[in-house]
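Remarks on the structure that follows.
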Amino acid sequence: MIDHLSRAVISDPEQNLTSERQESIHIIPDSKMAPLRFRKRTLHETKIRTHSTLTENMLSHKVQFDGRIISRNGRDACRELIGFFFTHDQSLTIYEYRQFGKNRTNVLPFIQKNIYSHQCGRRKGKQYQLGDFYIGANLTFLSSDHPRLPESIKENTLLILRITNIDQIALDSLKTDSVEHEDITSQEANDRLVLKAIQDALKEQLHKRGVRILTGLGKYLQQLDKDGTGLLAKADFKQALKAFHLEVSENDFEPAWQILNGNDSGKVDYGEFKRAIIGEMNEYRKSFVRKVFMKLDFNKTGCVPIIDIRKCYCAKKHPQVISGHSTEEEIKLSFLETLKDACSKSDEVSYGEFEDYYEGLSIGIVNDEDFVNILRTPWGI
């Protein structure tokens, strides 16, 4: 039987390392009690007639995944995406949940069903295979190939989509039946080791001052980006690292630069640079950060006024308030002061700036549930 989204695919012809995969043990927020837009599958039991020789059995050999767009634009970063990868022809398709009014949610085509290849990195030009799908994996597409994409996304040459959740049971079953094997080249493995070594070295430097550095660094890089392309040269990144006393030796920096500047353009996206050099929190943690921001950004503008942040932030259950060492107002003011340091505007917080704050906070917290509780307590999620 083919589900609602698979039907849409058929009826519309226009249409890493083991540790990285361990994130799959986590479940995205409230996935067991998902909102209606995630549970509504009215055509699950509807048999359909296909317009090709494909059989329902062949089409059932698919893995379903959730995704997010890697973007500092809040409206794009919080888009709710769902995708399918079909093993019978190694094609994939991606849809977006769109809310129309209070009670109507539609699933609309986002990336049309087709066979795609990696658009950057060591695998550039290679077709996507089953081994490319796991939590934390990036899928890259040329924006110019998809005219239906929102204008804010088409401004960038590449659309980078991160897999945030996956149907692990289906994935394991397909891997068992598949003769394909994951092919991580020695070059890719070396790349990961190079970047991990830098991240480990910087982790010690960031441990005590992660929030201040991450928020300040994000703002600093944005200011260096005079033309607003999101791309910076090697000298800019060296200048930024020096300004924030982040020590990366030349012997470490050069290999990292070669990895990131794979197309020899001389410039690299500063978000990608920051993620590669400093690392980033896992998708489980990010899912809660996005959930908080989506709750605050009820107008879906991608930015939240500081006044709304102040109204919604509750410090009543903060440990220092409970112990009597600080008042609720003192904790709230301290939080707002640090958050404002990340902001390019004094009266609002963008998604990228909000994420930077919690990215820095995440560095010093080992346990995932401790981090999630830090989010749940003041924001009531």
*Hey, rough spin-label estimate for T377 and K316, points 7 angstrom out along Cα→Cβ, what's it come to in nanometres?*
1.5
*asked:* How far apart, in nanometres, would the label points at T301 and S334 be if each is projected 7 angstrom from Cα along the Cα-to-Cβ direction?
replied: 3.0
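Could you work out the local net charge near Y358, counting Lys and Arg as +1, Asp and Glu as -1, over the other residues with Cβ closer than 9 Å to its Cβ? Don't skip to the answer; put the middle values down first.
Numbers: positive: R285, K286; negative: E355, D356, E359.
Net of charged neighbours comes to -1.
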*Taking the Cα centre of each part, how many Å lie between region 193-210 and region 224-299?*
14
*asked:* I'd like the carbon and sulfur percentage of the solvent accessible area for region 254-317, probe radius 1.4 Å, heavy atoms only, ligands and nucleic acids excluded.
replied: 53
_Cut-off 18 Å, label point 7 angstrom out along Cα-to-Cβ of A201: give me the residues of region 253-272 whose amide nitrogen falls inside._
253-261
_How much length would be gained if the chain were fully extended between R148 and T185, taking 0.36 nm per residue of separation minus their Cα-Cα distance, in nm to one decimal?_
9.9 nm
_Histogram of C-alpha separations across region 105-235, 5 Å bin width, %_ = 2, 7, 11, 15, 18, 17, 14, 10, 5, 1, 0
*Give the cross-link partners of K295 among the lysines, using a straight C-alpha distance below 17 Å as the criterion and excluding same-chain residues fewer than 8 apart.*
K102, K286, K311
_Before I look further, what does region 192-323 give for accessible area per residue, probe 1.4 Å, in whole square angstrom?_
52
*How large is ³J(HN,Hα) for each residue in region 344-356, as worked out from phi by the Karplus curve 6.51 cos²θ - 1.76 cosθ + 1.60 (θ = phi - 60°), to whole Hz, x for Gly and Pro?*
7, 10, 6, 10, 8, 10, 7, 4, x, 5, 5, 5, 4
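The values are calculated or read from the model by the stated rules, or taken from the named source; none is laboratory data. Quick caveat: nothing in here was measured; it's all calculated off a predicted structure. Ideal geometry is used to build each Cβ from the backbone, glycine not excepted, and the neighbour counts take in all protein chains shown. The accessibility values were calculated without ligands, DNA or RNA, using every heavy atom of the protein model including side chains. Shrake-Rupley method; radii C 1.70, N 1.55, O 1.52, S 1.80 Å.
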